Every structure is written in structure tokens, then in C-alpha cells.
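Reading through the C-alpha cells given below for one structure.
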Amino acid sequence: MQALLVSTAAVALAEIGDKTQLLSLILATKYRRPWPICLGILGATVVNHALAGSAGALVAAWLTPAQLKWIVAGSFLAVAAWTLVPDRADDDAARKRSGHGVLLTTLVAFFLAEMGDKTQVATVILAAEYHPLWQVVAGTTLGMLLANVPVVWLGVRFAARLPLRAARIGTALLFLALAPWIALR
């Protein structure tokens, strides 16, 4: 269960203030249909994180445990620094595909926005370190849902009250703490 819990916490915290969370807010305010938006987020995240987690597990199989330990620790430090950089939403992704329905728009926009994102990179790192893979993917998906579903349902009111800077700093500290923990265990 450690893989599930660490993955959930890491991604839920990293997602606060992220561009995909802002995309969730844009989609919610534009379409005002939370169920298809939430289902689109779920579908896009499962596919994206399953691919990312598989890549992480594959890399882990090629490396020695010592090499992997230092790469993962270094990667956590990089994600900690990356987390401090605020993301900005680009609502063009939501507008371009609005004719295909809310669910399809959300699936495509969310999947593309997640490509190369810090939560996708975190999924690769977590899958390289923790096993079984399904717990990592389930945890990172759950973390994404924990961070994005409230934004969809509560909309602008929730986003206006969220201290994004404090959340980014807290998330950076979490990854900063995980790096030496991985390196020294």
C-alpha cells in the first residue's frame, strides 16, 4: 500500500496550481457539465499515467538498484525545483475541440496538457521506485482526481480561495524531503 499512498499524496500535492488543474477550471467554467469533465479527466489520466508508469518500470529494470536510487533522488530534487514554478493555463486547448463534445474535449485536452507535465514525470519516477505498477498508476490517478474534481465541481469560488503559492512550496518541500529519504534508505 506504500506505493499507492505515496503516489496519491505526491501527485495530489504536485497538481495544485498545475496547468491541468487550471485547465479543469477552464473546462468547468466554459461547459458547466461536471460529470463528463470528471470522466474525461479520469480517462486521460489513466492512459497517460499507465504509459508513464510503464516507462518508469522499464527504466528501473535496466538499472542497478544503486544507479536507480541516485537517479530517483536527483529526479525528486528536480521535481521539487520545478514545482516552485507556477503554471499558466492555455485555454486554446479547450476551445479548439469544443465541437466534439465535452467528454472528448476533456479527454484530448487533458491528455495533451499532461504530456511532459511534472505529474507525468513524477509518475515515471514513482514507478521506477515503487512496486507494484498498478498501485503507482492507481495512486497517481487518484491524486489527479483529488486535486481536479473539486476544482471542476466548485469552480471559480474554490480556485479564488486556494493559496497556490503555499501549495507549491509545500509540494516542493515534500519532493525535497523524498530525495534524501530515497538516497539514504
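Within the shell of other residues whose beta carbon sits under 12 angstrom from the beta carbon of N48, the net charge comes to -2, with Lys and Arg scored +1 and Asp and Glu -1. Accessible-area rank, largest first, for M1, M144: M1, M144, with all protein chains present and a 1.4 angstrom probe.
Other residues lying with their Cβ under 10 Å from the Cβ of N148 contribute a combined charge of -2, Lys and Arg counting +1, Asp and Glu -1.
The values are calculated or read from the model by the stated rules, or taken from the named source; none is laboratory data. The structure presented is a predicted model; accordingly, all values stated were derived computationally and were not measured. Counting neighbours? That spans all protein chains shown, and the Cβs are built from the backbone with ideal geometry, glycine included. Only protein heavy atoms, including side chains, enter the accessible area calculation; ligands, DNA and RNA are left aside. Shrake-Rupley method; radii C 1.70, N 1.55, O 1.52, S 1.80 Å.
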